[in-house]
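The values are calculated or read from the model by the stated rules, or taken from the named source; none is laboratory data. What you see is a predicted model; the values in this text were computed from it and never measured. Counting neighbours? That spans all protein chains shown, and the Cβs are built from the backbone with ideal geometry, glycine included. What goes into the accessible areas is simple: the full protein's heavy atoms, side chains included, and nothing from ligands, DNA or RNA. Shrake-Rupley method; radii C 1.70, N 1.55, O 1.52, S 1.80 Å.
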Amino acid sequence: MDIITLGELLIDMFPAEKGKRLVDVSAFIPKPGGAPANVAVAAARLGASTAFIGKVGQDFFGEMLRDVLQQEGVDTRGLRFDADARTTLALIAQPNENNEYIFYRNPGADQRLRPDELDRDLLSNTRALHVASVSLTDEPARSATFEAVRLAKQSGALISFDANYRPALWRNEQEALAQIAAMLPHADLLKVNELELELLTQTSDVEKGSALLASRGGKLIVVTLGAQGSYFHSASSKGFAKPFQVDAVDSTGAGDSFVGALLTQLIKHDKNNLDAQLPRALEFANAAGALTLTRRGAIPALPTASEVREFLNRVLPKIGVLGVDEE
Ligand code: ADP
């Protein structure tokens with residue numbers, strides 16, 4: 001397998017009307033969601049072989065989510081079904097640039113993935129494993145996530161970690177910070193956005209914050225900067241990767257598209273020798289992220305490899321190679 005993602009696979013409930021308060025919305029429309037699952041689909045669309053590991057309820061939504069992954073070519077042999085808990089629902093309360101969520105997860109099936117349910121064979125035969133922090137909020141999924149990382153790392157896989165901080169899912173901020181800090185030393189790649197960088201480092205200075213995260217054990221730190229593109233910091237190089245201009249209609253899924261795209265590029269190379277690849281890989285990931293903004297929704301908006309290539313062929317000759325500002 002090229003890339004396995006592990007974590008939440010759930011239903012995002014989108015409000016029928018934009019800009020209304022939760023209680024004033026007339027209806028909610030169910031759509032497949034969950035950041036790690038989106039990353040698996042993003043990378044599959046870009047041509048990687050991918051698998052998803054997680055747990056959904058033995059219910060209508062769980063089956064629908066499995067079918068969506070399978071239609072996208074994501075291997076679901078590591079997906080488990082829970083007879084005693086429902087598929088998690090996320091009601092989107094404020095449909096604006098920074099969506100806020102109310103999770104129906106008391107507990108949801110995704111929190112109940114156990115270490116003994118992991119497909120060990122799958123995890124021992126992958127080039128990369130991508131996880132995030134939502135599966136670290138509660139046991140037993142927390143132990144299952146750490147165990148999956150241990151197994152994949154033992155077989156030489158690149159470990160990717162998206163901080164993906166969702167305050168509503170944690171009992172308190174301290175616990176979230178402690179769990180993210182505990183995963184950091186295992187990660188070959190840590191991806192944060194600007195808000196997470198500030199939360200983890202108490203600075204909004206991208207260069208200082210990234211250096212601090214690297215000093216805490218992250219080998220490669222990548223910061224997504226929305227319309228400003230992205231930034232990377234590794235042991236021997238760092239720099240900003242410039243953004244692409246697009247007509248944005250919906251930012252949902254841009255970060256997951258970016259991560260999926262970045263992983264498809266990084267797995268082509270030795271994980272201990274990625275420095276030379278980073279400018280190109282981030283350029284590709286920025287393009288995939290930007291393209292995702294031009295369409296609505298998360299999964300429907302994720303671009304294919306040929307769409308990213310065509311986009312790069314169209315825009316790069318006009319604007320010149322964007323590349324990276326090295327320092
Ligand atoms: P997240 O906060 O989920 O990590 P971002 O919103 O920063 O995700 O988007 C991920 C990537 O998508 C960015 O690093 C950038 O490359 C691209 N992107 C996001 N917003 C824009 C935008 N308005 N214009 C161009 N590219 C964008």
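Scan the helices (runs of 4 or more DSSP H) fully inside the range 165-279 and keep the ones with 2 or more residues being polar (S, T, N, Q). If you could, list the steps in order and put the result at the bottom.
Details: elements: 173-183, 194-201, 206-215, 254-266.
Helices (runs of 4 or more DSSP H) meeting the threshold: 173-183, 206-215, 254-266.
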Any chance you could count how many residues in the range 83-105 are more than 20 Å from the chain's Cα centre (by Cα) and either assigned to a strand (DSSP E or B) or at pLDDT below 90 (or both)? 3
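Evaluate the following for GLY19: is it touching a residue at least 24 places away in the same chain (Cβ under 8 Å), more than 23 Å from ALA285 (Cα to Cα), not hydroxyl-bearing (Ser, Thr, Tyr) and not in a strand (DSSP E or B)? Step through it out loud before you land on a result.
Numbers: touching a residue at least 24 places away in the same chain (Cβ under 8 Å): yes; more than 23 Å from ALA285 (Cα to Cα): yes; not hydroxyl-bearing (Ser, Thr, Tyr): yes; not in a strand (DSSP E or B): yes.
For GLY19, the condition - touching a residue at least 24 places away in the same chain (Cβ under 8 Å), more than 23 Å from ALA285 (Cα to Cα), not hydroxyl-bearing (Ser, Thr, Tyr) and not in a strand (DSSP E or B) - is met.
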How many residues does the range 249-265 contain that are away from the ligand (no atom under 11 Å from the Cβ) and either modelled with pLDDT under 95 or surrounded by fewer than 24 Cβ atoms within 10 Å (Cβ to Cβ) (or both)? 1
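Could you say whether any residue in the range 271-278 is more than 9 Å from the ligand (Cβ to nearest atom), open to solvent by less than 40 Å² (accessible area, probe 1.4 Å) and under 21 Å from VAL315 (Cα atoms)? Full working, then the answer.
Keep residues of the range 271-278 that are more than 9 Å from the ligand (Cβ to nearest atom), which gives 271-278.
Restricting the remaining residues to those that are open to solvent by less than 40 Å² (accessible area, probe 1.4 Å) gives 274, 278.
From what is left, the residues that are under 21 Å from VAL315 (Cα atoms) are 278.
So far as the range 271-278 goes, yes, one or more of its residues are more than 9 Å from the ligand (Cβ to nearest atom), open to solvent by less than 40 Å² (accessible area, probe 1.4 Å) and under 21 Å from VAL315 (Cα atoms).
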LEU312 passes all but one of (1) within 16 Å of the chain's Cα centre (by Cα); (2) open to solvent by 20 Å² or more (accessible area, probe 1.4 Å); which number fails? (1)
Lone unmet requirement of (1) within 10 Å of the ligand (Cβ to nearest atom); (2) open to solvent by less than 20 Å² (accessible area, probe 1.4 Å); (3) not in a helix (DSSP H, G or I) for ASN286: (3)
Can you name the residue in the range 106-132 that is surrounded by fewer than 16 Cβ atoms within 10 Å (Cβ to Cβ) and assigned to a loop (DSSP other than H, G, I, E, B) and, of all such residues, is modelled with the lowest pLDDT? ASN106
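Taking into account only those residues within the range 215-228 that are closer than 11 Å to ASN193 by Cα and within 9 Å of the ligand (Cβ to nearest atom), which is surrounded by the most Cβ atoms within 10 Å (Cβ to Cβ)?
Restricting attention to the range 215-228, the residues satisfying the condition of being closer than 11 Å to ASN193 by Cα are 221-226.
Next cut, within 9 Å of the ligand (Cβ to nearest atom) only: 222-226.
Details: VAL222: 26, VAL223: 23, THR224: 24, LEU225: 16, GLY226: 16.
My answer is VAL222.
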Residues being closer than 21 Å to GLU139 by Cβ and within 14 Å of the ligand (Cβ to nearest atom) - total across the range 150-209: 6
Residues of the range 296-309 satisfying the condition of being open to solvent by 30 Å² or more (accessible area, probe 1.4 Å), at pLDDT 90 or above and not in a helix (DSSP H, G or I): THR304
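From ARG77, ARG66, ARG45, grab the single residue that is within 22 Å of LEU151 (Cα to Cα) and open to solvent by 10 Å² or more (accessible area, probe 1.4 Å). Talk me through it step by step, then tell me what you get.
On the way: ARG66 fails: within 22 Å of LEU151 (Cα to Cα); ARG45 fails: within 22 Å of LEU151 (Cα to Cα).
Result: ARG77 is the single residue among ARG77, ARG66, ARG45 that is within 22 Å of LEU151 (Cα to Cα) and open to solvent by 10 Å² or more (accessible area, probe 1.4 Å).
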Which one of the conditions (1) modelled with pLDDT under 95; (2) within 19 Å of ALA42 (Cα to Cα) does VAL324 fail to meet, given that it meets all the rest? (2)
